[in-house]
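*Asks:* Got a structure here, written out as structure tokens. Questions coming.
The values are calculated or read from the model by the stated rules, or taken from the named source; none is laboratory data. Source: prediction; values computed, not measured. When we count neighbours, we look across all protein chains shown, and the Cβ atoms used for this are built from the backbone with ideal geometry, even at glycine.
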Amino acid sequence: MAKKFPHSYEVCTCKHVSLGEIIHSIKERDANTLEKIGDLTDAGTCCKCCQDSSCDIGAEKMELYLTQILEKFTKR
Ligand code: FES
């Protein structure tokens with residue numbers, strides 16, 4: 001999952017937020033909810049399509065979602 005994406009991978013295309021920035025907000029700044037990630041990075045605060053797969057439409061399908069990243073990096 002998140003492992004095979006480079007840290008420069010743009011998870012949130014609206015706000016141009018990279019995977020690296022999101023991981024940093026989770027690990028270093030204790031973002032443990034989508035809201036906190038949004039507050040810290042702006043990711044997921046526009047169309048919200050990067051949050052989960054619920055608004056995927058055909059070719060516009062995103063490959064990595066904030067919910068997946070959050071789940072992976074908040075596991076203990
Ligand atoms: S892609 Fe992240 S808010 Fe639109």
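*Asks:* Would you check if there is a residue in segment 25-41 being free of Cβ contacts under 8 Å to residues at least 24 places away in the same chain, assigned to a loop (DSSP other than H, G, I, E, B), near the ligand (Cβ under 9 Å from one of its atoms) and not hydrophobic (A, V, I, L, M, F, W, C)?
*Replies:* no
*Asks:* Scanning for something assigned to a helix (DSSP H, G or I) and either more than 15 Å from the ligand (Cβ to nearest atom) or modelled with pLDDT under 95 (or both), does segment 8-18 turn up at least one residue? Show your work before the answer.
*Replies:* At the first step, the residues of segment 8-18 found to be assigned to a helix (DSSP H, G or I) are none.
Taking every residue of segment 8-18 in turn, none turns out to be assigned to a helix (DSSP H, G or I) and either more than 15 Å from the ligand (Cβ to nearest atom) or modelled with pLDDT under 95 (or both).
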